[in-house]
Amino acid sequence: MVPPAIEQNPAAPFLALRQASLVVQDGLETGDPSLVAARIAALAQVFQTQVQPLSWEAWPRERQGLLASLRVEMHRQLRLLATDAMFLKSARQGETIVQRRRQIGDRLTALIGYCEVAEQEELQFLPEPPPEPPPEPPPTP
């Protein structure tokens, strides 16, 4: 069964993932490496619970392939982010810490870009809303 929020807005899972990515990105430069790692784990949880279970079987074939590819790339970036977070936590040299944070930032930027593309694809699939009925004529005296 599709959750009601997704029925109303099929882009909702990608929007949630993008917003979670922005939270990680906002706290990246100043955040404690353990906090950054925890936020990346929470980001992966959003993906696992909201994006991974999506099914596009009712969609046109050419769109299914694109959205499936985006999901694979998102998953790949999340796995790499988890590895980068582990390396960030273990980094001791200032230069290495800066390099790790930059790498995480680049991966988050890519993930956000994938989410934006998926959001646009999902929103294009929304059916046209029904036309509004014409206004009723004023009553005649």
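We did not get these values from a lab; they are worked out from the coordinates using the rules stated. Given the structure is predicted, the values throughout are model-derived calculations rather than measurements. Note that we place each Cβ from the backbone using ideal geometry, even for glycine, and neighbour counts take in every protein chain shown.
Computed with the Debye formula from one identical point scatterer per Cα of the stretch 4-123, without solvent, the log10 of I(q)/I(0) at q = 0.10, 0.12, 0.18, 0.23 Å⁻¹ comes to -0.32, -0.44, -0.86, -1.25.
Spin-label model, R63 to Q19: label points 7 Å out along the Cα-to-beta-carbon direction sit 2.3 nm apart.
In the elastic network of the chain, a GNM with C-alpha springs shorter than 10 Å, the most mobile of P33, P53, P13 is P53.
Helix-only arithmetic for the chain: the sum of -39500 (n - 2.57) across DSSP H runs with n ≥ 4, divided by the residue total, places the mean residue ellipticity at 222 nm at -23000 deg cm²/dmol.
A full extension of the chain between T96 and E29 corresponds to an added length of 22.8 nm, given 0.36 nm per residue minus the alpha carbon distance.
Among R63, R107, R18, determine the one that fluctuates most according to a GNM of the chain built with springs between C-alpha atoms less than 10 Å apart. Between R63, R107, R18, it is R63 that shows the largest mean-square fluctuation. Under a Gaussian network description of the chain, with springs only between Cα atoms under 10 Å, the residue in A37, A91, A20 that fluctuates furthest is A91. Since only Q48, A20, A38 are under comparison, the one whose Cα sits farthest along the positive direction of the charge dipole of the chain, derived from C-beta charges on Lys, Arg, Asp and Glu, is A38. The charge dipole of the chain, taken about its Cα centre with unit charges on the Cβ of Lys, Arg, Asp and Glu (plus for the first two, minus for the last two), comes to roughly 940 debye. Remark: the Cα gyration tensor places the stretch 13-78 in the prolate category, a/c being 1.5 or greater and a/b exceeding b/c.
Length available on full extension from D106 to T83: 0.36 nm per residue minus the Cα-Cα distance, which gives 6.9 nm.
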